[in-house]
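Inspection log for the structure reproduced underneath, given as structure tokens.
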Amino acid sequence: MSEQRPPGPKDADPKGEDADGEGSDGDGCPAGLFARRTFLQGTVATGLAGAAGVSLLDAGGGAHASAPGAPAADDTEAIPFHGRHQAGIVTLPQRDATFVAFDVTASDRKALTDLFRTLTARARFLTAGGTPPRTPPDRPPSDTGVLGPKVLPGELTVTVALGASLFDDRFGLGPRKPVQLVTMKAFAHDDLDPALSQGDLLVQICARNRDTTVYALLDILFHTSGAMRQRWRINGTRNPPRPVGVPRDWFGFKDGIANPDLGDTAQLDQEVWVHPHTGEPDWAAGGTYQVLRIVHFRLEKWQEVPLEEQERIFGRRKVSGAPMYAEDPDASDQLDPIYTNDPQGLITPLDSHVRLANPQTPETASTSAILRRSYDYDRSPDVRGGLDLGHAFCCFQRELDTYVAMQTRLEGEALVPYISPRGGGYFFALPGVRDTQDHYARGLLS
Ligand code: HEM
């Protein structure tokens, strides 16, 4: 690790920082607030919270008015770091995110292990919050100071995933690669930029506020420089409900309606988490496959498309988010899209996005459920001075093949002329860090 990093503890021991405590129940899932959160799943939660003005994470159920000078109530919220699974996957999506892919430059297996130890120590401190070590005025400060004298957790989650390239012959990990983990190949209509694709490691950093995300990223970069180097990065935000329900994407459609129920652990076990004794390496149990796709939206072109055509392209109503058979603008987006009485796609076109993603046929039943956790990006202007808005499309699934089968079906979707996939990659999100003695990828490396 090179010297430009500010002084301060470098190793895995956080004793230098007063890390705030945290809780979890026996099986590693965060207790109390997580259970409550998972109960208040997706659309309902956002609507209820918005309507009632209650912070989702407020175990007491009361609204918090911040006293002048007091930290923003919601910035004190910490999402537990330890658990069987990493946070930032079935965690309700926070408002701000950055996805950073890295090339690992660590020279050998020991240096790689040190990297994961350091990453763990930093993530453990940052997600709990605390007071960075004080340094004398004639010494560089121990942190950037972006969050002030006391680092607040601000709903921060740090989620680490591995790319197929990390399993090449550099660290001797080849035989331990997750079975379905491969380098992402281009699909039809992709226009992948190699500089915006792949990577040995993906670090997903999410938080309530941008400064918390950037603070965490800078801290991680400073403490790991010399062992890994940024390859590409995409920043994203999640829009607030308009007016209720899941956020709308830059096409103006509610995005994230038909997603697995975050409160249904049986469903998540079935569709998201890798289990032991399933043909995957044992160390991978508790992890999940993560896909990141950077998809540019051709908004100038989309603006020309009549509303009814836009709705036929997605297969849902624009204002309500409801299925096509529900024309009432106040119809609920929780209504089930039913295709049994519409075999020719007269109501919901056969080449519409939702019908190709999930055709609801016996043949596609096993490749129709993924957990989407996407963000919207704005990197405008592009090199020609044009708009560059789009999706940092992110999903998690127990089998990468599920995503590949679904994306292959979408190669024929009516949305194709309005999107241009430009980058991303396939990764395996590590199992959770169990406790203060554990670290990222310990099972893999031992
Ligand atoms: C790239 C831009 C994309 C946009 C703007 C987009 C937008 C949407 C919208 C508006 C919906 C309907 C509302 C909902 O249920 O969330 C939807 C549904 C869905 N999308 Fe996408 N999506 C995109 C990419 C993808 C990709 C790459 C996949 C997977 C390969 C995907 C898989 C799904 C699935 C599984 C559903 C739910 C289908 C259902 O069960 O009804 N989407 N998407």
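The values are calculated or read from the model by the stated rules, or taken from the named source; none is laboratory data. Everything numeric in this text was worked out from a predicted model, so none of it was measured. Note that each Cβ is placed from the backbone with ideal geometry, even for glycine, and that neighbours are counted across all protein chains shown. These accessible areas exclude ligands, DNA and RNA; they are computed on the full protein's heavy atoms, side chains included. Shrake-Rupley method; radii C 1.70, N 1.55, O 1.52, S 1.80 Å.
For the range 386-405, list residues with backbone N below 13 Å from a point placed 7 Å from the Cα of Thr237 toward its Cβ? Once the point is set 7 Å along Cα→Cβ of Thr237, 390 turn out to lie under 13 Å by backbone N, inside the range 386-405. Calculated accessible area for the range 103-168 comes out at 36 Å² per residue, all protein chains present (probe 1.4 Å; ligands, DNA, RNA ignored). Distances longer than 26 Å among the Cα atoms of the range 288-446: what percent of all pairs is that? So the pairs more than 26 Å apart make up 39 percent of the total in the range 288-446. Please list, or write none, the aspartates and glutamates whose alpha carbon is within less than 13 Å of the alpha carbon of Lys318, excluding same-chain residues fewer than 8 places away. In chain and number order, the partners are Asp249, Asp255, Glu308, Glu309, Glu327, Asp328, Asp330, Asp333. What is the calculated FRET efficiency for Lys301 to Asp169, with r their C-beta to C-beta distance and R₀ = 60 Å, to the nearest 0.05? The computed FRET efficiency comes out at 0.85. Legend: Rg and Dmax of the range 192-310, from Cα coordinates, 18.6, 53 Å. Applying the criteria of a DSSP loop state and at most 16 other Cβ atoms within 10 Å to the GluC sites (Glu not before Pro) of the range 215-307 yields Glu304. Counting only residues at least eight positions apart within a chain, or on another chain, the aspartates and glutamates with an alpha carbon under 16 Å from that of Lys177 are Asp168, Asp169, Asp200, Glu280, Asp282, Glu399, Asp401. Entry note, the range 250-348: relative contact order of 20 percent, from Cα contacts under 8 Å with a spacing of 6+ residues.
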